[in-house]
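Since the structure comes first, as structure tokens, the remarks are kept for the end.
Laboratory data are not the source of any read-out in this text; all were calculated from the coordinates shown. Predicted model, so just to flag it, every value in this text is computed and none were measured. Cβ sites come from the backbone with ideal geometry, for glycine too, and all protein chains shown count toward neighbours.
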Amino acid sequence: MYQFAQSLIIEKDIARKVSLLEFLTNSDIVTVKEIADQIGVSPRTISSDIQSLRDSLPEGWQIDSLGNSGIKLSRQAEVPISSLWEDLVEQSISFQLLKFLFRGHKQASSALAAELGTSTESLRRLITFLNKKLSPYQLKILTKNQVTLVGSEADIRIFYHRLLLPFTHANFFFDDYPIHESFYHQFLRALDRDQIGPSVESIWGICWYFINTIRIKANCRIDIDDTHINDPLFQLFSPYLTQLYHQEGIYLDGEEGFFAFYCFIESWNFSEVPPIKTETFVRQHYRELQQSCDVIVGQLATELRVELTQTFFSKNLLLLFLKYTESISLSEKFVLAHLEVLNYGKHNYASYWQLLANHLAASPFYQTLVYPEHFISSAVLLLAEAISQESRARRHIYFTYQGEPAWKSYLANELNAIFGGRISLASVEMEELLRKQLDEEDIIVTNHPIDQALINKVFYISTIPTKSEINSIKEHFAHLYFSGL
């Protein structure tokens, strides 16, 4: 949950305690040895960490010892889970320095070391450590005259958004500035009232709102050249964003206004039906882009023999195109902040990736991209999702079972819940099954003998199925849920 933030903590004991707490929150009762094996340290180290945590847990939390069974983390219902990590993160000198730099402050090394309660040499080691982490973001902490964070302001904000997204709630990291999350919710309600509000990741957008507000107030102004202030979509949402930031005492100028707009459209969810007014607006003002998407979707559907028009892929591809055409430079900066996600798509859907590359290569838009593989890597995730949507109806489990009727009904319901929405489970009698035309990917789950000549795959289960029987069926369909894992 806090993997990226944890990677920036220089103190090994604090980083280890964060891992320990995450493991405890995701478990019921565990032994010290299980935790040690998971984290990769000795049981003695874990025991010492547990004792230390017991003495420093926020009020309302406790680690209970349950004898030979293990330990368990418990809390009072009203105490937020976020309080666990916040207390630990606040102890890290890494975050104290990043918090200092976030506010645009500059200070001589010796004075800053004293303020942070460390030595100048320790501060130097910390900065060397952080600079390795900042390098992929084209950022660096300089110490020549004063300790300062240098790099493009857009890159600085993108880095902090990646870092602070899990901490956006309750103004954590923003406690020096009374920023009002409620204003952002009012902004979203205004869009809904005027029937143009898209589905959004609200925390994603709120984090951008906080970061932009603080950096502007600290006089750290955005520095982007790729702005289109006459763009129709920008003109549609600009008045709402201007009002939003004005409530915090900020007037958005051209560059800041466009950056705030781009941060907003970056929060738009894929695979959602947009409001009719918004969809009509996009089709009216971005007709050529829509037509280009339709052509590409049609070509892919023919080549893959998949009915993509019945999925969200066309809408998703158009939204992806829109994000890139609004600002190619910003879109690629934003993508680079989450490169591990894009690499996942390229590595696990190589055939789709190459197919998209072939169809996009002739597009004039594609030729303008500095990093075209990043666009394809985003598109391939959307294509994989669409193919999964379309093929969902083609994967069936036929459940034919002889047993007590109430138990049979209950078991069918439980199996349906286990296998999830990508597989259709149908409870059928043997006579009905024999009349069905089975697809290659269909399977039968049964507790009585089936003529093997009639089917491709049969999974036999007990009257009360065992875990191994259920797991063998789940493994058969594992590729539908997380390719490559």
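Brief remarks follow.
- Interchain or long-range residues, amide H under 5 Å from residue 147's placed H: 107, 108, 109
- Residue 367 paired with residue 471, simple spin-label distance in nm, labels 7 Å along Cα-to-beta-carbon: 5.5
- Surface/4 estimate of mean projected area, convex hull on alpha-carbon atoms of the range 1-82, nm²: 5.4
- Beta bridges per DSSP with both ends in the chain, % antiparallel, nearest 5: 50
- Taken one residue at a time, the phi angles of the range 344-349 give Karplus couplings (6.51, -1.76, 1.60, θ = phi - 60°) of 4, x, 5, 6, 9, 10 Hz. Gly and Pro are set to x.
- All lysines inside 16 Å of residue 323 as judged from Cα atoms, apart from same-chain residues fewer than 8 positions distant: 315, 333
- Taking label positions 7 Å along the Cα-Cβ direction at both residue 114 and residue 47, the computed distance is 4.4 nm, reported to one decimal.
- Gain in span if fully extended, residue 91 to residue 103, counting 0.36 nm per residue against the direct Cα distance: 2.5 nm
- Bridging of residue 72 to lysines at a Cα separation below 30 Å is possible for 12, 17, 33, 467, 474, once same-chain residues fewer than 8 apart are set aside.
- Here the extension length gained between residue 3 and residue 132 equals 44.8 nm, from 0.36 nm per residue of separation less the Cα-Cα distance.
- Cα gyration tensor category, rounded, prolate or oblate, for the range 286-391 with a/c compared to 1.5: oblate
- A simple charge model with +1 on the Cβ of Lys and Arg, -1 on the Cβ of Asp and Glu and nothing else charged puts the dipole of the chain at about 880 debye relative to its Cα centre.
- Spacing of the modelled spin labels on residue 182 and residue 34, each 7 Å from Cα toward Cβ, amounts to 4.3 nm.
- Cα-only radius of gyration and Dmax that characterise the chain, units Å: 26.9, 84
- P(r) of the range 92-151 over all Cα-Cα pairs, binned every 5 Å from zero, in whole percent: 4, 20, 34, 30, 10, 2
- Residue order, fewest to most surrounding Cβ atoms within 10 angstrom, among 208, 407, 61: 407, 61, 208
- Euclidean distance between Cα centres, the range 455-476 to the range 405-435, Å: 13
- With contacts taken as Cα pairs under 8 Å and at least 6 residues apart, the chain reaches a relative contact order of 9 percent.
- Paramagnetic label zone (point 7 Å from Cα along Cα-to-C-beta, residue 62; backbone N under 16 Å) in the range 17-51: 51
- Amide H partners (placed H, <5 Å) of residue 180, local residues excluded: none
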